[in-house]
């Protein structure tokens, strides 16, 4: 019992240092300086110490490492912040309120945003679609992909875009689900100068859990000036 009280006192002291960064950064969402320390011995993963404030909850591992912060006011944009064992911000979960349609973000140790999940505005009420944006370490957008639970267990749907580290578009994939024929994909590739490189279509066999490559229609190839140089014909 004495050891537990000693640990509690230690955590209060640690709070002044380990929570200083997050308290300053999150002042706009109302972290309180009035703290109450509650040991959590019920957690199946071991003891956690939770430090309650007016509008937030800081949770630490037994060795004093900040694991996550929960923001208790549901009207604030951020719901959770999760940290690595080395103290780096790893992930943010957002409250899906008002015009905020971002659900979560993942970060590199450098603090650069790695990727973001959000819900397109048109599907907010149904929650069926998800938009994922992935970024290079230089902060440039790497790709934008849209997924839907309406197709192939959260499979891709619509136009997906891929970019170079310099920010130039290098490829698009358009996932099309017609009513009266098999789903198919249109893949367009680009040269570094932005000119068309190729246009190809495939039947989307992935939704049938098949890896078979099934070309469709007319494939077109272009030179670096965007001039058509050859075609290949496949079944309609």
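Within the group 154, 168, which residue is touching a strand residue (DSSP E or B) at 6+ places or on another chain (Cβ under 9 Å), farther than 15 Å from residue 202 by Cα and at pLDDT 90 or above? Please lay out each step first, then the result.
Details: 154 fails: at pLDDT 90 or above.
Being touching a strand residue (DSSP E or B) at 6+ places or on another chain (Cβ under 9 Å), farther than 15 Å from residue 202 by Cα and at pLDDT 90 or above holds for just one of 154, 168, which is 168.
Name the strands (runs of 3 or more DSSP E) wholly within segment 43-110 that hold at least 1 residues that are in contact with a helix residue (DSSP H, G or I) (Cβ under 7 Å, 6 or more places away or on another chain) and at pLDDT below 75?
On the way: elements: 48-52, 56-60, 66-71, 78-83, 89-94, 102-107.
Here the list reads 48-52.
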- Item | Subset tally (residues that are in a strand (DSSP E or B) and buried (at least 18 other Cβ atoms within 10 Å of the Cβ)) for segment 174-187 | 3
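The values are calculated or read from the model by the stated rules, or taken from the named source; none is laboratory data. What you see is a predicted model, and the numbers here were worked out from it, not measured in a lab. Note: ideal-geometry Cβ built from the backbone for every residue, glycine included; neighbour counts use all protein chains shown.
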